[in-house]
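A short worksheet on the structure shown next.
The values are calculated or read from the model by the stated rules, or taken from the named source; none is laboratory data. What you see is a predicted model, and the numbers here were worked out from it, not measured in a lab. Virtual Cβ from ideal backbone geometry, glycine too; neighbours counted across all protein chains shown. We work out accessible area using only protein heavy atoms, side chains counted, and drop any ligands, DNA or RNA first. Shrake-Rupley method; radii C 1.70, N 1.55, O 1.52, S 1.80 Å.
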Amino acid sequence: MRRASPRKTEAGVALVTVLMIVAAMSTVAIMLSSAVLASTSRAKALDASAQTDWFVSGAEEFAELTIEKLVATSGRNLFDGMPALSEPMTFQIDGGVISINGRDATNCLNVNALRSNTSDGEEGAGTSRTPRDDFKQLLELAELEGIDVEALTASLVDWVDADQSPGLSGAEDSYYSGLVPAYRTSGQPLQNLSELRAIRYYTPELIDALRPLLCAMPDERPQVLNINTLREEEAALLSLAMSGALPLRDARDVIFQRPAGGWESVGDMLSQPDLAQIAPELRREEMLSVQSSHIGIRTVIEYRGLRRIYDLLLLVEETGNVSAIRRERKG
């Protein structure tokens, strides 16, 4: 048997060495390429995210100016179907689209008003009413099945008040500390209605049913309703303003029959047959107005594969000034 010559053996070893070096360099090249691609993609994503933030700021400023102009021309007398409060405003941008949708955020019961149990000074049906009384009656007027009005009210009050004394069927830290995971009550006003999910008895289904009727405003003052922007799903609020003397079905009919452009005054609405027959002491006119105090703006940004949703709450002051009092990122 013939042996391979030393030169052929050395050539074979050199070839194997070269192949190994080439394979190693190819692996390094692939890793570098992957790193460069990942870095480039990350840089593009960061750039798109930063640009989206600028779009959000621009959209918010545009929304504020639009509402200021709307308020200036109408004197805060907003009505359903007005420009900027009916159809979304859509703007095409290079690489995406911006959608801005406005709505009247005035018509709701402010759950943070429940932190105060003082009377509003009204004599309704012989008794002074408090925000807690209004909340309980609203739950009853909403015609929700299978709810315990007293327990729902007590649990919400216990969540926002500063003490640790639970109300009847309510819940303070002693209850929540026994849950898994354990947590404590807030003792502060709600920042938004999503916090209701942490409160005893408030199921997701119940929260969805109450969402059209409730809100969590930064202050603790009760809301004054704009009769010209009330929607049919908010009819229970109108029933509440009539001390429950207006059935929910009739309240929906009143809203449905509202004239185009709205009523000129609260008195015009109260002259409607269904309302005129209600005793004057049951008609809580201080809860009603033809003006709006809050406007909600939802901005949706779609840009280079990113989707951002922001909610903006605007305060419309009596002077006509419009200012942002809350910003929330929803997605």
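Among the numbered conditions (1) farther than 18 Å from Asp104 by Cβ; (2) touching a residue at least 24 places away in the same chain (Cβ under 8 Å), the only one that Cys215 does not meet is (1). Within the stretch 66-112, the residues that satisfy the criterion of being farther than 20 Å from Ile227 by Cβ and hydrophobic (A, V, I, L, M, F, W, C) are Ala72, Met89, Phe91, Ile93, Val97, Ile98, Ile100, Val111.
Let's see how each residue does on (1) under 17 Å from Leu213 (Cβ atoms); (2) charged (D, E, K, R); (3) in contact with a helix residue (DSSP H, G or I) (Cβ under 9 Å, 6 or more places away or on another chain):
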| position | (1), (2), (3) |
| --- | --- |
| Arg132 | yes, yes, yes |
| Phe135 | yes, no, yes |
| Leu138 | yes, no, yes |
| Leu141 | yes, no, yes |
| Ile147 | yes, no, yes |
| Ala151 | no, no, no |
| Asp161 | no, yes, yes |
| Ser174 | no, no, no |
| Leu179 | no, no, no |
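Is at least one residue of the stretch 57-64 under 30 Å from Gly261 (Cβ atoms), part of a helix (DSSP H, G or I) and either open to solvent by 70 Å² or more (accessible area, probe 1.4 Å) or modelled with pLDDT under 75 (or both)? Checked against the condition, which is being under 30 Å from Gly261 (Cβ atoms), part of a helix (DSSP H, G or I) and either open to solvent by 70 Å² or more (accessible area, probe 1.4 Å) or modelled with pLDDT under 75 (or both), the stretch 57-64 yields at least one hit. In summary, helices (runs of 4 or more DSSP H) completely within the stretch 77-189 and bearing 3 or more residues that are in contact with a strand residue (DSSP E or B) (Cβ under 9 Å, 6 or more places away or on another chain) occur at 131-141. May I ask you to list the residues in the stretch 86-108 that are open to solvent by 20 Å² or more (accessible area, probe 1.4 Å) and among the aliphatic types (A, V, I, L, M)? Listed by number, the residues that qualify are Met89, Ile93, Val97. Would the stretch 29-52 turn up any residue that is touching a helix residue (DSSP H, G or I) at 6+ places or on another chain (Cβ under 6 Å) and at pLDDT 75 or above? For the stretch 29-52, residues touching a helix residue (DSSP H, G or I) at 6+ places or on another chain (Cβ under 6 Å) and at pLDDT 75 or above: absent.
Does the stretch 303-316 hold any residues that are open to solvent by 30 Å² or more (accessible area, probe 1.4 Å) and at pLDDT below 90, and which are they? Selection gives Arg304, Gly305, Leu306, Arg307. If the condition is being touching a Lys or Arg at 6+ places or on another chain (Cβ under 9 Å) and open to solvent by 20 Å² or more (accessible area, probe 1.4 Å), then the stretch 65-84 contributes Phe79, Asp80. With respect to (1) farther than 20 Å from Gln137 by Cα; (2) open to solvent by 30 Å² or more (accessible area, probe 1.4 Å), the lone exception for Glu220 is condition (1). Residues in the stretch 301-331 that are of a type outside the set (D, E, K, R) and more than 22 Å from Ala216 (Cα to Cα): Ile301, Tyr303, Gly305, Leu306, Thr319, Gly320.
Answer yes if at least one residue in the stretch 297-315 is over 23 Å from the mean Cα position of the chain (by Cα) and of a type in the set (Asp, Glu), and no otherwise. No; the residues of the stretch 297-315 include none that is over 23 Å from the mean Cα position of the chain (by Cα) and of a type in the set (Asp, Glu). Candidates in the stretch 227-266 are the residues that are among the acidic types (Asp, Glu) and without any contact (Cβ under 8 Å) to a residue 60 or more places away in the chain; of these, the one that is most open to solvent (accessible area, probe 1.4 Å) is Glu264.
Within the stretch 276-316, being under 30 Å from Phe55 (Cα atoms) and among the hydroxyl-bearing types (Ser, Thr, Tyr) holds for Ser292, Ser293, Thr299, Tyr303, Tyr310. Applying the set (1) open to solvent by less than 60 Å² (accessible area, probe 1.4 Å); (2) in contact (Cβ under 8 Å) with a residue 60 or more places away in the chain; (3) of a type outside the set (Asp, Glu) to Met269 leaves exactly one unmet item: (2).
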